[in-house]
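Asker: I'd like to ask some things about the structure below.
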Amino acid sequence: MSVTQDMVATYRRPGQVFTRLSSMGQREDRALFWLIAGCGLTFVGQWPRISREAVTTGQDFTEAMTGPLMAWVFFAPLLFYVLAGVLHLIVRIIGGKGKSYGARLALFWGFFASVPLLLLHGLTEGLAPGKGVTAVGTLWVAAFFWFLISGLRVAYWTGPLATGTVDA
């Protein structure tokens, strides 16, 4: 399946999609791609808000983009790796059997698959700030945690990474 088909399928059956992704074996390059692409798209999703703020405050658009660019493209990936390590430790403490790659894969794929909602959030925030922003943000958080928990369940308890049926 293509990445976009996997993203759409994740909204319907996240566990099934994650099982298929994890059965491909440990591929750090693929997981890193999803993380970098998700962070880059999240940065792009903030452009409408940044543009609106720049126009209303009189700030230069390019200058207004510098902080979010640094945050999402350079620092967020590092924080995601730290968060994946913490998730791995927590899941192992509560009885998970997988390796740390499972936590990275679940976190990075869950974030990447939920990015369309972040793009919608950024568009809503830029064009129609108000209660709609909160609703879309809540929807994104719910989807992200649904994908993350489904991925962790597969990675540490039921899937090929946990059962050792794939070379991880």
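Asker: What order do you get for 98-106, 134-142 when each peptide is scored by the mean count of other beta carbon atoms within 10 Å, highest first?
Answerer: Packing proxy ranking, top to bottom: 98-106, 134-142.
Asker: Under the Karplus relation 6.51 cos²θ - 1.76 cosθ + 1.60, θ = phi - 60°, what is the ordered set of whole-Hz ³J(HN,Hα) values for region 16-33, x standing for Gly and Pro?
Answerer: 5, 5, 5, 4, 5, 5, 6, 6, 6, x, 6, 10, 4, 4, 5, 5, 5, 4
Asker: What percentages make up the Cα-Cα pair-distance distribution of region 1-87 when the bins are 10 Å wide from 0?
Answerer: Spelled out bin by bin, region 1-87 gives 15, 34, 30, 16, 5, 0 percent.
Asker: Identify which of 44, 17, 55 has the largest mean-square fluctuation in a Gaussian network model of the chain, with springs joining Cα atoms closer than 10 Å.
Answerer: Comparing 44, 17, 55 in the GNM, the peak value goes to 55.
Asker: Using mean Cβ contacts within 10 Å as the protection proxy, how do 143-149, 117-123 order, highest first?
Answerer: 117-123, 143-149
Asker: Follow-up. Okay, helix-only estimate at 222 nm for the chain: each DSSP H run of n ≥ 4 adds -39500 (n - 2.57), divide by all residues, round to 500 deg cm²/dmol; what do you get?
Answerer: -25000 deg cm²/dmol
Asker: Can you pull the percent of the chain's accessible area that's carbon plus sulfur, 1.4 Å probe, other chains left in place?
Answerer: 70 percent
Asker: By how many nm would the segment from residue 134 to residue 82 grow when fully extended, if each residue of separation counts as 0.36 nm and the alpha-carbon distance is taken off?
Answerer: Answer, rounded to one decimal: 16.0 nm.
Asker: While we're here: Can you give the alpha-carbon Rg of the chain over 2.2 N^0.38 Å, where N counts its residues?
Answerer: Details: Rg = 17.2 Å, N = 168, 2.2 N^0.38 = 15.4 Å.
Output field value: 1.12.
Asker: Next question, about the same structure. What whole-number value in Å² describes the accessible area per residue of region 15-158 for a 1.4 Å probe?
Answerer: For region 15-158, the solvent-accessible area averages 50 Å² per residue.
Asker: Bin by bin, in steps of 5 Å, what percent of the Cα pairs in region 77-142 do you find, going until the bin that has the longest distance?
Answerer: Over region 77-142, the share of Cα pairs per 5 Å bin runs 3, 18, 19, 16, 15, 13, 9, 5, 2, 0 percent.
Asker: Explain nothing, just the number: relative contact order of the chain, from Cα pairs under 8 Å at least 6 residues apart, as a whole percent.
Answerer: Averaging sequence separation for qualifying contacts and normalising by length gives 36 percent for the chain.
Asker: Taking Cα pairs under 8 Å and at least six residues apart, what relative contact order does region 12-104 come out at, in percent?
Answerer: 28 percent
The values are calculated or read from the model by the stated rules, or taken from the named source; none is laboratory data. Computed from a predicted structure; not experimentally measured. Note that each Cβ is placed from the backbone with ideal geometry, even for glycine, and that neighbours are counted across all protein chains shown. What goes into the accessible areas is simple: the full protein's heavy atoms, side chains included, and nothing from ligands, DNA or RNA. Shrake-Rupley method; radii C 1.70, N 1.55, O 1.52, S 1.80 Å.
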